[in-house]
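Worksheet: the structure to be examined is printed underneath.
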Amino acid sequence: MKSLPLAEAPGIGGGAKFAKSGYPVKASFMHPPVRRFHLGPSRQTFYTPCMKRLKILQVIPALGQQGGVERVAVEMAAFIVERGAGSYVAAANGPLAEQLARQGTIHLPLPLHRRNPATIVANAIRLARHIRRHDIDLVHARSRGPAWSAYLACQWTGTQFIATFHGIYGQQNRLKHVYNSVMAKGRRTIACSEFIKQHIIEQYGVDEQNITVAAGGLDTDRIAPEHVDPADVDRLRSEWGCPPETAVLLSLGRITRLKGHAMLLSALAALGRRDWKLVIVGDAGNKRAYFDEIRQLVNELKLDEQVIFAGAQDDVALYYAACDVAISSSIEPESFGRVAVEAQAMGRPVIATAHGGSLETIRHGETGLLVDPLDPAAMTAACERMLAWSPAERAEMGARGRRWVLEQFTVEQMCGAEFAAYEQLLGLGGKRSTAPAERGEAA
């Protein structure tokens, strides 16, 4: 094994030099401790690193196909592998398990989708075993139930814990607040937007200096106009009965009351024109009563010929490509607002309600239009304005949106920000943490 003088020992001031000295590990992953030796007649002090590869464990409820948390975890797992670190994901089984395996991530099947207290504790015991068995350095939680299991396991094993707020959690009572607070129990916390960062500060008293903002990011190679076949777009618009002169307005997302479908429908009914169709893409899940309520409203507003319910769709890029304008009508603040970002990435102008993450992801008048979430008349006016534009004018705004997303909201930027939080917490590239050494001593 090579030995290094003090000035070149990793974690002491020469991590980069160490990485260049022939070791197959990047400087970011130089993990103390080091052993001290006195060699030769001069008794010069040398340090021989006891190196190991950095290992990150993410915990989420399950590896389902549709959720944003699952998608982000898989994207981050790929980023961790690309950085040369060990990637692990603990979650209930699901379709994404195969993708994780192809990426080089180890899946630890656990029933983390179950949230009763006994299961949370049982999962914590299982996680603690995995942490010790795989020598995990840091555990990253993305959901509250799994976060409690992860936090307990980290407490028992002396492992660093971090969590990402992917949204706002309900604060119905004191008990609910305590349940939510696990997401802020790490020495660092990650927020998916500046809006969520302020929420964490106000509701959980976390110091601003201990919050990392990792704005949501897209795979802009996958969500890209050039990857959609124009023939597929023509076919889809033909199925909808939309010739080129008919503008397609797209509302994409879960069909829940918070998404503001009723407000949007009322706003569209007030339009003085009918050269448009609204395509609603999404699944109501167990909110069937609300879905029936929206269909009834369509009938009452005499919009049956104008509104198409397309159901849940996997190929969202095709639906963005087939629309002329994307609309986000949420009546409650979006934590980030992925739909608006995806639409801009596909070169489509956006109309969105002006609160939450949309204030950060949309540039009013440049990449889209922002409207008062409590004012249906403002939504009507924005739709009227956008429909009055020529296709070339809408395309120009859409092109600006694509450039904006490429500058600010890529998956590489998101994962890079989260990884920087890992490094800061572990003292890799910043002040060194003693937690890994403490864990080794405890073991």
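Taking the Cα centre of the range 312-437 as origin, sum charge times position over the Cβ atoms of Lys and Arg (+1) and Asp and Glu (-1), and report the length of that vector in debye to the nearest 20.
Dipole size: approximately 360 debye.
Starting from a Cα-only point model with no solvent, please compute log10 I(q)/I(0) by Debye for the range 278-400 at q = 0.17, 0.20 1/Å.
Relative scattering, expressed as log10 I(q)/I(0), comes to -0.96, -1.31.
Per-residue HN-Hα couplings for the range 164-176, Karplus 6.51 cos²θ - 1.76 cosθ + 1.60 at θ = phi - 60°, whole Hz, x for Gly and Pro?
Karplus values, whole Hz, x for Gly and Pro: 10, 7, 8, x, 9, 9, x, 10, 4, 7, 4, 4, 5.
For the range 54-64, just list the computed ³J(HN,Hα) in residue order, Karplus coefficients 6.51, -1.76 and 1.60, θ = phi - 60°, integers in Hz, with x standing in for Gly and Pro.
Ordered by residue, 3J(HN,Hα) equals 4, 10, 10, 10, 9, 10, 9, x, 7, 9, x Hz.
Residues with amide H under 5 Å of Lys55's amide H, sequence separation 5 or more or different chain, H placed in the peptide plane at 1.01 Å from N; which?
Here the answer is Gly86, Asp137, Leu138, since their amide H atoms fall under 5 Å of that of Lys55.
Between Gln408 and Ala388, what length comes free when the chain is fully extended (0.36 nm per residue of separation minus the Cα-Cα distance, one decimal in nm)?
Gain in length upon complete extension: 4.3 nm.
To the nearest 10 Å², what's Asp372's accessible area with a 1.4 Å probe?
80
Residues of the range 301-326 with the amide nitrogen closer than 15 Å to a label point 7 Å from the Cα of Ala269, along Cα-to-Cβ, please.
Only 301-307 pass the distance filter.
Using a basic spin-label model with each label point 7 Å from the Cα along Cα→Cβ, how many nm lie between Asn116 and Glu396?
6.2
With a 1.4 Å probe and all protein chains left in place, how much accessible area per residue does the range 285-443 have, in Å²?
44
Compute the FRET efficiency between Arg53 and Glu239 as 1/(1 + (r/R0)^6), taking r as their Cβ-Cβ distance and R0 = 56 Å, and round to the nearest 0.05.
With a Förster radius of 56 Å, E is 0.65.
I want to check the label-to-label distance for Gln155 and Asn210. Put each point 7 Å from Cα in the C-beta direction and report it in nm to one decimal.
Simple spin-label model gives 1.5 nm for this pair.
In nanometres, what is the gap between the two model label sites at Glu98 and Leu301, each 7 Å from Cα along Cα-to-Cβ?
Result: 4.0 nm between the two label points.
Quick one: with all protein chains in place, what share of the accessible area of the range 77-203 is carbon or sulfur, to the nearest percent (1.4 Å probe)?
Answer for the range 77-203: carbon and sulfur cover 51 percent of the accessible area.
Kindly state, to the nearest 0.05, the FRET efficiency for Arg133 paired with Asp232, given R0 = 60 Å and r defined as their beta-carbon distance. Kindly include the intermediate steps, with their values, before the conclusion.
On the way: r = 47 Å, r/R0 = 0.79.
Computed FRET efficiency for Arg133 and Asp232 comes out at 0.80.
Along each principal axis of its Cα atoms, how long is the range 225-319 end to end? Whole angstroms, biggest number first, please.
For the range 225-319, the Cα extents along the three principal axes come out at 37, 33, 18 Å.
If each residue of separation counts as 0.36 nm, what is the full-extension length gain between Leu374 and Ile125 once their alpha-carbon separation is subtracted?
Length difference between fully extended and current span is 84.9 nm.
Amide H to amide H under 5 Å from Ser328: which residues, 5+ apart in sequence or cross-chain, H placed 1.01 Å off N in plane?
Those qualifying (amide H under 5 Å, at least 5 residues apart or on another chain) are Ile351, Ala352, Thr353.
The values are calculated or read from the model by the stated rules, or taken from the named source; none is laboratory data. This one's a predicted model, so the numbers in the text were calculated from it and none came from an experiment. Glycine gets a Cβ as well: all are built from the backbone with ideal geometry, and neighbour counts include every protein chain shown. For accessibility, only protein heavy atoms count, side chains too; no ligands or nucleic acids. Shrake-Rupley method; radii C 1.70, N 1.55, O 1.52, S 1.80 Å.
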